[in-house]
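The values are calculated or read from the model by the stated rules, or taken from the named source; none is laboratory data. What you are looking at is a predicted structure, and each value in this text was computed from that prediction instead of being measured. For neighbour counting, all protein chains shown are included, and Cβ atoms are generated from backbone atoms with ideal geometry for every residue, glycine included.
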Amino acid sequence: MSIAFLFPGQGSQCVGMGKDVYDRHEAARATFNEARHLLDRDLIQLCFEGPKASLDQTAYTQPAILVTSIAILRSLETFAGRAAYVAGHSLGEYTALVASGAMEFTDAVLLVHKRGQWMQEAVPVGEGAMAAVVGLDRVSVEAICRETSGGGEVVVVANLNTSDQIVISGTARAVDIAGGIAKGLGARMVIPLPVSVPSHSPLMNGVCTKLADAFESIRGGALKVPLINNVEARVVHTWEEAKSGLTRQVAAPLLWGETIRQMVGLGVDLFVEIGPGKVLSNLLRRTVSGVTGLHVENSADIERLWHVMEEREKKSCP
């Protein structure tokens, strides 16, 4: 059996993220210091002190989460080399490719900053929206989206997180109307997400083009750890495949539930979410059973992970 590392995406950020590992682990301090002045904002101050309104700006949220996740990963020291697979939710796929050795850390920080800027520029604030529909299946949600779209309004399935948690994305009015229809058809909840960028919808097609151009100036490498990508939930080994997936995923639905099931089929029995928040750990519990999921965000989590690893090694000894 084997281990997979999972990396969170936008929405996991919080003021103070990463400070505990920064204070206690030299590898984390080095990571944050390396990224500190790459942008026009001090990322250390932004992550540790906020303000929240600035941290929640898409162009800064994305590099802040990536830097925090890599700082935590590097604090795991020798354990960091034990993953059989990596995966990341949307933005987290960039983090996963840094972890795999395919992308340079600084290239990824700068690129996701641009990605966030381009995403926000694509749709003016207030005109795009996303919402999580809980309690309906994919076929039903897709039918609602088709019924609602048209006349300049767009809403599509954006994230297939679990079999009954599906995120929709598009113009704000269409998302609101689709959410109302979903409730009428028996959805347990429709939860508006605190974002103004309609990620993983056709409204992001222009961002795909800009990303494709940006990747021309980035030299990536073969993945030392295979990735299960977002757009097809399949195993990726080469930089060309990874780059293609990253270019397409900003406007395509994320097959997250299928990504998890794919890794279970490949023998993964321990999933380690590395980064702020517990979104992916919570989704894991709702997707598959019979596997172990751990979340690593601070020094106490790192200690707990080492304890789990010691117990696994004892059980594997004849």
*State which residue is surrounded by the most Cβ atoms within 10 Å (Cβ to Cβ) when the search covers only segment 189-198 and only residues that are among the β-branched types (Val, Ile, Thr) and within 16 Å of the chain's Cα centre (by Cα).*
197
*asked:* If I filter segment 282-318 down to residues being without any contact (Cβ under 8 Å) to a residue 40 or more places away in the chain, of a type in the set (S, T, N, Q) and under 24 Å from residue 132 (Cβ atoms), which single residue comes out as surrounded by the fewest Cβ atoms within 10 Å (Cβ to Cβ)?
replied: 289
*Find the residue count for segment 200-246, including only residues that are among the polar types (S, T, N, Q), touching a residue at least 40 places away in the same chain (Cβ under 8 Å) and more than 16 Å from residue 159 (Cα to Cα).*
1
*Kindly provide the set of residues from segment 49-85 that are touching a helix residue (DSSP H, G or I) at 6+ places or on another chain (Cβ under 7 Å) and of a type in the set (S, T, N, Q), ordered by number.*
54, 58, 61, 62, 68, 69, 75
*Counting only residues that are in contact with an Asp or Glu (Cβ under 6 Å, 6 or more places away or on another chain), among the hydrophobic types (A, V, I, L, M, F, W, C) and part of a loop (DSSP other than H, G, I, E, B), how many does segment 269-318 have?*
1
*Can you work out which of the residues in segment 176-202 that are under 24 Å from residue 110 (Cβ atoms) and among the hydrophobic types (A, V, I, L, M, F, W, C) is modelled with the highest pLDDT?*
197
*On the given criteria, is residue 112 within 29 Å of residue 217 (Cβ to Cβ) and in contact with an Asp or Glu (Cβ under 9 Å, 6 or more places away or on another chain)?*
no
_In segment 199-217, the residues that are surrounded by fewer than 21 Cβ atoms within 10 Å (Cβ to Cβ) and out of contact with any Lys or Arg (no Cβ under 8 Å at 6 or more places or on another chain)_ = 202, 205, 206, 209, 212, 213, 216, 217
*Out of the residues in segment 245-281 that are crowded, with 19+ Cβ neighbours inside 10 Å and hydroxyl-bearing (Ser, Thr, Tyr), which is farthest from residue 207 (Cα to Cα)?*
259
